[in-house]
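Step one of this worksheet: look at the structure below.
The values are calculated or read from the model by the stated rules, or taken from the named source; none is laboratory data. Since the structure is predicted, the reported quantities are computational estimates derived from the model, not experimental observations. Reconstructed Cβ throughout: ideal geometry from the backbone, glycine too, with neighbour counts over all protein chains shown. Just the protein is used for accessible areas: all its heavy atoms, side chains included, with ligands, DNA and RNA removed. Shrake-Rupley method; radii C 1.70, N 1.55, O 1.52, S 1.80 Å.
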Amino acid sequence: MRSAAPRPHRDPNFIDVQRLVHELSDEDLLRSADDYFAKMSLASEQCRKPFSNPAGATHQTRHLGLLFEAADLFRGARVLDFGCATGWLTVGLAQMGCDAVGVDISPNALKLAEGLRAARPKAHGAGPVEFLAYDGHRLPLPDASVDRIVCFDAFHHVRDQRATIAEFARVLKRGGRAAFMEPGPNHSKTPQSQAEMAQFKVIENDVRMEDIARHALDAGMDRPQMLLQFPQPMTVGVDEFNAWARNGIAYRWAWRAIDTLQRGLTNGQCFYILKGDPIEADRDSRRANGLAAEITVQRACRVASGDGHGVELQVAVRNSGTRAWIAAAMPGQVNLGVHLLDANGRLLDNSYARLKLPRGPVEPGEQVLISGTMRWPAHESFALRLDMVAELVAWFSDRGPTQRVTIESRDL
């Protein structure tokens, strides 16, 4: 949706955002934010994002997906949610397995965030979540302590964009990134921004990518990278779509698509800024793409175990992918996983047993020998299907060329 046309500067009620930045003190901004959130409860729409209302959900979920693309998240990543407000996104990041920390200048907003965290049950595989007060100048975090920073419609509220990006650079680890979903270069001039600045005494600043690029370089970070998508989807008839699928997009439609993109180009700007080379998580098993293995059973037999019997396995496994395998107990830990099937090949237990790597990390191209004994299944006939698994990330065979190996009970 196109932003409303800017109001002319000759309007006597027009608010110059830069003048407002200089007029409002830190205490004024904190008081305005705190008064805004003081009127809310956990039942308020702000706490129910991104599904608070149909119009908001359409806008927020579209932008949220783009922000996640820019952030390039992974399980176990320590992620700062800057300007977290009621904490709905911070809690969501933790539910996805990130180590999430939300910061905001408003104590009342942080009280709501704590209530929201307490009200939602912790999901399996979820990471920790905490909320910290921010003074508007220095983030309450040590140097090089976070993997990712996300700003979802929060950065345009800051007083000093240059100083804020410098703080992001300070707390980011080498190879980390800050991802933003923010309005464009004329945001302060829109009727909605003018009304909110007048009513709530809040900064509704413009976000100019020329400035952002300069601030990033000043902070020792890379130039921003932009992620583009249509602000709104284009609607076409099914016959037109089928014609495109057969013959390619017609020239007139291609120009319409370009015009649609151009007209809404800066209505919602999604970008990310890198701090140097990729971190270890960009090449280890906390991510699913690039996971692959060659599995060779060297020994599989029935052995006495305790009061009964067990299955003894000795399996050679080679890392044929591009990611180092984590052996430590954390998201992305790689194990040999065993599925239990009945005599007809029907899956009975997807996680019947695990055998651990003997060491780690296992680099691409390396081979390890995995040995262990599991309990004997309580079935007359069965099959064991072996696959590698990166815990809380993916089974290898679901993501690439890994061939699972099946052992029939009659062969034990």
**Report entry** Of all residues making up segment 359-392, the number that are among the small types (Gly, Ala, Ser) and more than 28 Å from Arg302 (Cβ to Cβ)
**Finding:** 3
Query raised in the report: Would you say Leu64 is out of contact with any Pro (no Cβ under 9 Å at 6 or more places or on another chain) and open to solvent by less than 30 Å² (accessible area, probe 1.4 Å)?
Result: no
Report summary line: Note: among Ala293, Ala281, Ala327, just one is in contact with a strand residue (DSSP E or B) (Cβ under 7 Å, 6 or more places away or on another chain), surrounded by 16 or more Cβ atoms within 10 Å (Cβ to Cβ) and modelled with pLDDT under 95, namely Ala281
**Report entry** Failed condition for Lys122, given (1) open to solvent by 20 Å² or more (accessible area, probe 1.4 Å); (2) at pLDDT 95 or above; (3) over 27 Å from Glu27 (Cα atoms)
**Finding:** (2)
Requested in this report: Determine, yes or no, whether Ala169 is small (Gly, Ala, Ser), touching a residue at least 60 places away in the same chain (Cβ under 8 Å), in a helix (DSSP H, G or I) and crowded, with 20+ Cβ neighbours inside 10 Å.
Outcome: yes
Report summary line: When restricted to Ala178, Ala216, the only residue of a type in the set (Gly, Ala, Ser), more than 23 Å from Phe74 (Cα to Cα) and open to solvent by less than 10 Å² (accessible area, probe 1.4 Å) is Ala216
**Report entry** Selection count, segment 375-389, where residues are charged (D, E, K, R), touching a residue at least 60 places away in the same chain (Cβ under 8 Å) and open to solvent by 10 Å² or more (accessible area, probe 1.4 Å)
**Finding:** 1
Query raised in the report: So which of Lys275, Lys356 is within 20 Å of Val405 (Cα to Cα) and surrounded by 13 or more Cβ atoms within 10 Å (Cβ to Cβ)?
Result: Lys356
Report task. Spot the failing condition for Trp255; the list is (1) touching a helix residue (DSSP H, G or I) at 6+ places or on another chain (Cβ under 9 Å); (2) not in a strand (DSSP E or B); (3) not small (Gly, Ala, Ser), and only one is missed. Result -> (1)
Query raised in the report: Which numbered condition trips up Met96, out of (1) out of contact with any strand residue (DSSP E or B) (no Cβ under 6 Å at 6 or more places or on another chain); (2) under 20 Å from Glu45 (Cα atoms); (3) of a type outside the set (Gly, Ala, Ser); (4) open to solvent by 10 Å² or more (accessible area, probe 1.4 Å)?
Result: (2)
